[in-house]
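Data first, discussion second: the structure below is written as structure tokens.
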Amino acid sequence: MRYLDAVTITQLKGLRLFPKNLANSSEMAGAHKNPVRGFSRDFFQHRPYVPGDDPRTLDWKVYARLDRFYVREFESENLFTSQIILDQSRSMIFHSDTNPPKWDYACRLAMAISWLALSQGDALGLMTVSSGIGIEVPPRSGFPRLEILDARLSEISPQGLSSPETALPMTASHIKKRSLIILISDLMGNTEEFIKGIVSLKTGRNEVIVFHVIDPRERDLNFEAPVVFQGMEEAGEVAVGDQEFRLRYAAEFEKQIKTYQSAFHQNQISHQLFTTDRPLEESLRRFLRKSALKAR
Amino acid sequence: MGFLSPFILWALPAALIPWLANLWIRRQGRKIEFSSLYLIRKIQSQTLSSSNLKNSLLTFLRCAIIFLLVLSYAGPIRYGSATKETRIDLAVLVDESYSMGYLEGGKTRFSWLMNSLSDLLKQMKPQDRVLLLPFSDHIGAPMKNLAWETPNATLKNLPSLRVGYGGTDFSLPLKALRALWPDSDVEKHVVLVLSDGAKHGFRAPVEKLNRTFGIDWGPRSHNDYIHSVKISEPFDAKRPALTVFTHNRKPTSLAVSTFSGQKVERPIQGGDGIRENTLLLPKINSDALIAGKASLREDSLPVDDSFFFSFAPPHPGSILCLYSAPSFLEPPHGGYFLKKILDNSARGLLPYQITFREAGPDAMWNLSSYQAVILSHPGFLSQREAQELKEFVGQGKGLWVIPGETSPSRDFDSLKSILPSGVGPVVRGESSGLKSPASKSAKDWQDLDLSQIQITRYHLLENKKNGDVFLKSPQGYPLLICAHNSRVCVSAFSLGIEDSNLAVHPALIAFLRLVFEKIMGPVQKPKSYQLTVGDPIVKKWDKNSAAPENVLLKTPNGKKIKLHVQNRSVFFPATTLPGLYELDAVNHERFFYAVNANRNLNESDLTPKKDPPWRSLDAHSWVGEFMKNLKGQNERSAILFLVLAFFCAEMFLSSKGKKIFPFLFLFLLALPPRVKALDSDAFIWTQLKMGPNWDPYPNAYRYILSFVSQLTSVPVSPERRAITLEDPELFLSPMVILAGEESPENLTPQEIRILSDYIRAGGILWIENDSGVAGGGFENWTQKTLKAAFPQLSLRPVELGNILFKTFFLMKEASGLRIENPGLETLDYNGRIAVIYDRDDLLGVWEEDALGRPLYPVIPGGGLQRELGKRLTLNIILYALTGDYKADAVHQPYLIEKMRSGIP
């Protein structure tokens, strides 16, 4: 597979995706523990029978020993649906020096998450967005999905403008089930529009995680002046001849990250920053451990 | 506004270079695709105004710097208000009065002005016109063909101008100009008065012309001078004294030297106003001429520090004393006392020559060569004798009759007609005392105690109508009667002790002076032969003396002029120099005429006039100031200052304002007062450009000046001054260094004179023999040159304790790159070191390579030798700047203690 290799899989083994609020809402049995007791292989406890309990849950062996009715309770485990939304706008093609393009990085990240989700038996779907919805792979479970996803991703390349304010709500309308929505994007563009678009994904039934992929040069604008910048998505040029500008840009970028984080926090949206100069497994593992702790 | 070199303005488009470069750089900027311009645009919109402003400002500053630099090289001139015409008509009035000989920095004010004037004329354009008008107390020579000339032609006329000996009168040339120009022209012309502007030139009202410029020499230093010289009175022919009238505020010394080579000198007190100083001349022959020069110690105006004088003593009156008894000449008789007082060989108390002769019956008196006759107890006079005396008196000559102790009155009957009184019988004198004579010479008697004079016996005198009584006995009997219409006196007593004690009383002199004045006329005063420069010399011979055919006139500058005598007189039209003019007649008769500059013109008082009728220009920078007023100001320095300010601003902006203080400091350094301070009193290393290898150690001076400024508080100028002997800057340097390995060319007499003047004026010459060969060509050249400049003086080795070993570091011996014996020699002039001659290659110890290591090894070696060489260099510089103040007693104990301790 182009975007998933054995090394990544090895590094991700033992990790799990833990949606905070989605497990109890699935109609299908799956890998995710549910606070509601249900049917599974994992015994939870015995409890005295009360009228109304399903007589099939009675533990007859206990009745034989104790002459009292006890009901056996099992932990309930549900499947849930994960939906990856991958930013396919032209800006994702950007890369600096030896770092991989954000697009490749984002694809590898998507594949890694897909492997995690599918390995848990969850259903996983994928959509790419730029100005509109690009490809759409409906959520299904089972490892064969990986091949399909990889093949679909390999077919496409970043193109078009990002318009989060319109495109993201559009994707939300395509997601029928309660889902864990994982948005992988560089969030490069109008901050307000991105926030508005992302918040629209976060409805009562969906949980949203934003994987914010950036190139290190987008963070510190490390170019030797003078430079004329041409936008990958916008028309026009901006000449920058001043080293002082870099400092201002870095500060402004930091401020933008803070703005995202603060807005996502308010809307209970998780956020993780990935820079393409760091291995994605490392950042992903950190995120997953953090979310696992929170889930407990 | 105009430009001296307008073609440089073609470079002005270069000012666009920074702007074009800015554009080009922007275009050359790498184009980079970036994910999103959202943040970049956002930041740019925030900073656009300030960033753009800063960029534009920087570009503007850079453009402005180049623009201004081009402007400054084009020589921008801001035209002054004085003139806007294309042609300048300049009248230059040159003061040739002798006060212009005032010395400033080794040169006279006149030569300073002439040098500056030639600079000014060189700066003028060919179409300008100049009218040169020299003046003093009269209009100078070129006035005769007064005409406008081109600046170049005027430049050629300048050498003919020189300081004269006249006074100053500003009204004359200004009046002449006013008369020359019609009213309409007065406004057009510019007048430049090159003068000292002293108030003595404003005796007459001065016409004020509109555009007149003068020179301001600043506050004047005091000038001492001799106002006049007179023979002291009463005149003593054998020991004459001079009264010298001086004007000296501080004590100084006064010297008088006579033409015969005698010299007297004594210190005199100082004070305000004209002071009277009496100087006794050496003993001379009574008929010798008294001529010579009185001089004060020279100050800045040397002309008036000496005064020439010439006096011819009067011929002493010759008197014949006729006596009858041989014992008359022996004590206690009167002849003895007369002889003592009028003795020709001894120091005569009265200026008369007397001849004693016994009045024998057959003796021929031959009275024609005498002015007076004393007839003392002559006995009976024959008819011939009486007749001769009568004729003698009739010629207006004098006769004093002293009746003898026993002379009968009839002895004088033959002279009755000429005597003012009759001579009566002898009577006994009264009590002591004399009645004060009622004469003009009464003051001679005032201090004498006449009560002690005892007249023991006297003849009763019968006063006639034509007689005046000059002396009376206590009871009022006349003792001395003189005729008021002839020179005949009769005294009532003889001078012998038997008649009176007058002969042993101080009153005798007063008595004799009174009588001689009556019979010989008033004492003649010495004749003065004083002239002022410009006066003619006229000598006439009277009929009694023989006139020569030709005379030889020797002028003070050694010229001999033969003059022909016409009509018993000789005439020399005009004296041109102060000094003694000697007129030698063929019969060995000599006359001296003392010619001086006119002292009554107040020329020696250099006090400047407070509000002169012209615009004053500073004497040391007047050319620039004048041109600024006349033609406009060269604004180059102002523009360069602006360039510096812009440059500082550019540096400040481009360094993002982080390093403001260094630029602020740089800017403050560049402020004009600092520039002024730099060239004021900093020590400038001055080196003479002489010989093929005049600069064997081109960098040594940098290390030396750095050493001086590190160790002392002497401000040093970072640049050195390399000059020749003709350079006027020589006289601005306290010390000049002449270094070399090969001998320079022989100096011309002019150069030797300049070198000698420089050293005499206080300069120090430091000669560095860097050839490494003692006694080589350079040394021979040095010896020869110094011999030519100072024939009397020679170089002497420096010994332990010399001031050069003390001025800063205490040292015991000379040092340098080598050690020669002797290594250091000096030539002392007037009690100070004037020439320092070094064989040790002192400058060689200073030269270093780029890493600060000494370039040349010391021989025989050792760091101490090099260090001592450096110390000696510093000592020499400090000596040149401070003199021998370290040699005074204040430092002695410390110096001795330090010397004893053996610390080097």
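Please treat every number below as a calculation from the coordinates, not as lab data. Just so it is clear, the structure is predicted and the values come from calculations on it, not from any experiment. Note that we place each Cβ from the backbone using ideal geometry, even for glycine, and neighbour counts take in every protein chain shown.
A few notes on this one:
- Scalar couplings 3J(HN,Hα) for the stretch A:232-237, obtained by applying the Karplus form with A = 6.51, B = -1.76, C = 1.60 to θ = phi - 60°, are 6, 10, 9, 7, x, 10 Hz; x denotes Gly and Pro.
- Rg and Dmax [Cα atoms of the stretch B:261-336; Å; Rg one decimal, Dmax integer]: 21.5, 68
- Counted as membrane-span-like here are DSSP H helices of chain B whose alpha-carbon atoms extend 15 Å or more along the helix's own axis and whose Kyte-Doolittle mean is -1.0 or above; these are B:17-28, B:38-73, B:109-123, B:507-520, B:636-654, B:700-711, B:749-760, B:777-789, B:863-882.
- Close amide H pairs (under 5 Å, H built 1.01 Å from N) link A:Tyr70 with A:Tyr49, A:Asp59, A:Tyr63, residues at least 5 positions away or on another chain.
- Using only alpha-carbon positions in the stretch A:157-223, the gyration tensor eigenvalues give semi-axes of 25, 13, 11 Å once each is multiplied by 5 and square-rooted (largest first).
- Pairs of Cα atoms farther than 35 Å apart, chain B, %: 71
- Shielding value for A:227-238 is 6, the average number of Cβ atoms from other chains within 10 Å of each residue's Cβ.
- Gain upon complete extension [B:Asp884, B:Gln452; 0.36 nm per residue less C-alpha separation]: 149.0 nm
- Around the amide H of B:Ser36, modelled in the peptide plane, lie the amide H atoms of A:Met232, all under 5 Å away and 5 or more residues distant in sequence or on another chain.
- Local electrostatic count at B:Gly467 - Lys and Arg +1, Asp and Glu -1, tallied over other residues with Cβ under 14 Å: +4
- Close amide H partners of B:Cys321, meaning residues 5 or more places away or on another chain with modelled amide H under 5 Å apart, are B:Thr355, B:Phe356, B:Arg357, B:Ile374.
- Residues within the reach of a label modelled at B:Ser118 (point 7 angstrom out along Cα to beta-carbon, backbone nitrogen below 12 Å), restricted to the stretch B:203-225: there are none.
- Translational diffusion of the stretch A:186-238, µm² s⁻¹ [Kirkwood Rh, Cα pairs; Stokes-Einstein; 20 °C; 1.002 mPa s]: 156
- In Å, descending, principal axis extents of the Cα set of the stretch B:317-520: 43, 39, 31
- Neighbour-count ranking [beta-carbon atoms within 10 angstrom, fewest first] of B:Met651, B:Met100, B:Met124: B:Met651, B:Met124, B:Met100
- Chymotrypsin sites (Phe, Trp or Tyr not before Pro) restricted to DSSP loop in the stretch B:758-856 with at most 14 other C-beta within 10 Å: none
- Across peptide B:21-33, the average count of Cβ atoms from other chains found within 10 Å of a residue's Cβ is 4.
- Rounded to 10°, Cα long-axis angle of helix A:144-155 versus longest principal axis of chain A: 10
- Among the cysteines of the protein assembly as shown, those whose beta-carbon sits 4.7 Å or more from every other cysteine beta-carbon are A:Cys107, B:Cys63, B:Cys321, B:Cys648.
- Placing +1 on the Cβ of every Lys and Arg and -1 on the Cβ of every Asp and Glu, with no other charges, gives the protein assembly as shown a dipole of roughly 2660 debye about its Cα centre.
- When the convex hull of its Cα atoms is viewed from all sides, the stretch B:407-565 shows a mean projected area of 14.9 nm².
- If the segment from B:Ala241 to B:Leu640 were pulled out straight at 0.36 nm per residue, it would be longer than the present Cα-Cα gap by 136.8 nm.
- Label-point gap, in nm, between B:Asp605 and A:Arg65 - each point 7 angstrom along Cα→Cβ: 14.7
- Taking B:Val426, B:Val191 and counting other C-beta atoms within 10 Å, the order from fewest to most: B:Val426, B:Val191
- Normalised contact order of the stretch B:115-175, rounded percent, pairs of Cα under 8 Å and 6 or more residues apart: 40
- Where labels lie 7 Å past Cα in the beta-carbon direction, separation of B:His564 and B:Gln28 in nm: 9.6
- Charge tally around B:Thr782: other residues with Cβ under 13 Å, Lys/Arg +1 each, Asp/Glu -1 each, net -4.
- Quotient of Cα Rg and 2.2 N^0.38 Å for the stretch B:679-901, N being how many residues it contains: 0.97
- Cα-projected label distance for B:Arg41 with B:Thr278, points at 7 Å along beta-carbon direction, nm: 11.4
- log10 of Debye I(q)/I(0), alpha-carbon scatterers only, for chain A at 0.15 Å⁻¹: -1.14
- Couplings for the stretch B:538-544, taken from phi via the Karplus curve 6.51 cos²θ - 1.76 cosθ + 1.60 with θ = phi - 60°, read 10, 10, 10, 9, 7, 5, 6 Hz in order; Gly and Pro are left as x.
- Rel. contact order, % - alpha carbon contacts under 8 angstrom, at least six apart, the stretch B:225-312: 33
- For the segment A:249-258, counting C-beta atoms of other chains within 10 Å of every residue's C-beta and taking the mean gives 2.
- Sites A:Asp97 and B:Ala682, calculated FRET efficiency, Cβ-Cβ separation with R0 60 Å, nearest 0.05: 0.55
- Where only C-alpha atoms are counted, convex hull volume of the stretch B:147-254 per residue in Å³: 202
- Burial ordering of A:Trp60, A:Trp115, fewest other beta-carbon atoms within 10 Å first: A:Trp60, A:Trp115
- The stretch A:228-296: mean projected area of Cα convex hull, nm²: 6.8
- Principal semi-axes in Å for the stretch B:225-312 [√(5λ), Cα gyration tensor, largest first]: 22, 13, 10
- Relative contact order for chain B, counting Cα pairs under 8 Å that sit 6 or more residues apart, in percent: 10
- Size of the protein assembly as shown from its Cα atoms: along the principal axes, largest to smallest, the extents are 215, 82, 69 Å.
- Phi to ³J(HN,Hα) by Karplus 6.51 cos²θ - 1.76 cosθ + 1.60 over the stretch A:90-95, Hz, x for Gly, Pro: 4, 5, 6, 6, 4, 8
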